Amino acid sequence: MSVTVDARGLSCPQPVLMTINEIKGGSEKEIKVLVDSEASRENVSRAAVSQGCQLVDITQDGEEYTILLARD
């Protein structure tokens, strides 16, 4: 199973904080993060990797990004 963090419409650092909270407190192996800016995409990706997650995929649909992360 996976969990979705919907951070669309939020400005940094909120998407990063929401993602880190899920990484630290969640139990799902797969985390899908939805953001709508390039800055959030970069910051969330960097923060997740620094927390020990694997960056699986980033897809873009218009101005929205889906970041797929895997927790060890």
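None of the figures in this text is laboratory data; all of them are computed from the coordinates on show. None of the values given here were measured: they were computed from a predicted structure. Because the Cβ atoms are built from the backbone with ideal geometry, glycine has one as well, and the counts that use them run over all protein chains shown.
Of all the residues in segment 43-72, those that are in a helix (DSSP H, G or I) and surrounded by 15 or more Cβ atoms within 10 Å (Cβ to Cβ) number 5. Contact map, segment 31-45: first residue touching a residue at least 24 places away in the same chain (Cβ under 8 Å), second residue of a type in the set (D, E, K, R) and in a helix (DSSP H, G or I), Cβ cut-off under 9 Å, separation 6 or more or different chains; pairs are Ile31/Glu22; Val33/Glu22; Val33/Arg41; Val35/Arg41. Scan segment 20-42 residue by residue and report those that are under 16 Å from Asp72 (Cβ atoms), surrounded by 13 or more Cβ atoms within 10 Å (Cβ to Cβ) and either touching a helix residue (DSSP H, G or I) at 6+ places or on another chain (Cβ under 7 Å) or among the hydroxyl-bearing types (Ser, Thr, Tyr) (or both). Within segment 20-42, Ile20, Ile23, Ile31 meet the criteria. For residues that are among the hydroxyl-bearing types (Ser, Thr, Tyr) and closer than 14 Å to Thr66 by Cβ, scanning just segment 1-19, find the one that is surrounded by the most Cβ atoms within 10 Å (Cβ to Cβ). By that ranking, first place goes to Thr19.
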